[in-house]
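First up is the structure itself, then whatever we jot down about it.
The values are calculated or read from the model by the stated rules, or taken from the named source; none is laboratory data. Just so it is clear, the structure is predicted and the values come from calculations on it, not from any experiment. Glycine gets a Cβ as well: all are built from the backbone with ideal geometry, and neighbour counts include every protein chain shown. Just the protein is used for accessible areas: all its heavy atoms, side chains included, with ligands, DNA and RNA removed. Shrake-Rupley method; radii C 1.70, N 1.55, O 1.52, S 1.80 Å.
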Amino acid sequence: MKKVDLRVRRTLQSIEKAFLELLAKKQFQDITIQDIADAAMINRATFYSHYADKYELLDRLIDERLAALRDHFSPPRHVHDGTLYQKQFLFVIESVFTAVGQNADFFTTLLAQEGEGNVKERFAQTANTLFTEQFHVLFGSNAVHLVPKEIFLPFLISAVTGTIFWWISAEQPYSPEEMAKYLIQIVTKGPAAVMGLSIEQ
């Protein structure tokens with residue numbers, strides 16, 4: 001893999017930092033290339049030598065964060081062929097929330113944006129791709145499932161993404177360790193049992 005020149009790396013970091021600072025103050029559609037160049041203290045030509053436009057810059061930033069989160073789930077070591085390994089699963093959940101927490105400012109900034117670069121939608125698409133590709137590995141290739149895949153996957157993806165973005169929006173009221181502990185209870189015992197509901201036939 002080609003090593004990135006230190007000066008290039010610094011320039012890219014400067015552009016990304018300037019862009020995120022602008023996103024914290026303005027809506028994406030109102031930010032110009034000149035705004036980014038001025039904030040990063042570079043000229044427009046330097047920007048265009050690295051990015052085609054601000055859309056590519058936004059895509060790159062989102063993709064990098066989502067790829068880092070995806071790596072915690074893939075390859076799946078916590079569940080395989082219908083068996084969930086709780087100790088490994090606890091570690092995976094904690095790792096994901098730790099990674100999200102380390103990028104909380106980034107996600108908080110993008111969640112405040114309207115329209116372009118909808119991070120919730122991109123996150124859900126990434127989760128959908130991941131779980132769809134690995135469905136049979138995770139839930140068993142020969143298992144008889146009580147719920148059809150096309151119903152179960154949207155439910156699972158909504159639960160995962162909704163919980164993560166609630167946690168960010170609420171300014172992380174629980175630690176990654178606590179989130180892992182609570183979520184594994186929901187996953188292993190089921191929503192009704194966790195909330196103390198009695199079940200009658």
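Using a Gaussian network model of the chain with C-alpha springs under 10 Å, which one of Ser175, Ser49, Ser158 is most mobile by mean-square fluctuation? For the chain, modelled as a Gaussian network with Cα springs under 10 Å, the answer is Ser49. Local charge for Ile184 was computed over the other residues whose Cβ lies under 14 Å away, with Lys and Arg +1 and Asp and Glu -1, and equals 0.
Once every Cα of the range 1-42 carries one equal point scatterer and solvent is ignored, give the base-10 log of I(q)/I(0) from the Debye formula at q = 0.20, 0.31 Å⁻¹, two decimals. Once normalised to I(0) and log-transformed, intensities are -0.60, -1.03. Step through the table entries Lys87/Lys120; Lys26/Lys181; Lys149/Lys189; Lys120/Lys181; Lys25/Lys54; Lys17/Lys181, compare each Cα-Cα distance with 26 Å, and write down the pairs that go over it. Listed pairs above 26 Å: Lys87/Lys120; Lys26/Lys181; Lys17/Lys181. Compute the signed sum of charges (Lys and Arg +1, Asp and Glu -1) over the other residues within less than 13 Å, Cβ to Cβ, of Thr126. So the surrounding residues net to -2. Per residue, the accessible area of the chain comes to 63 Å² when a 1.4 Å probe rolls over the protein heavy atoms. Seen against the Cα atoms of the chain and their longest principal axis, helix 6-23 is set at about 70 degrees.
When only Cα pairs under 8 Å and 6 or more residues apart are kept, what is the percent relative contact order across the chain?
On the way: 141 pairs, mean separation 43.9, N = 201.
So the answer I get is 22 percent.
Run the helix sum for the chain: -39,500 (n - 2.57) per DSSP H stretch of 4+ residues, divided by residue count, reported at 222 nm to the nearest 500 deg cm²/dmol. Calculated at 222 nm, the ellipticity per residue is -21000 deg cm²/dmol.
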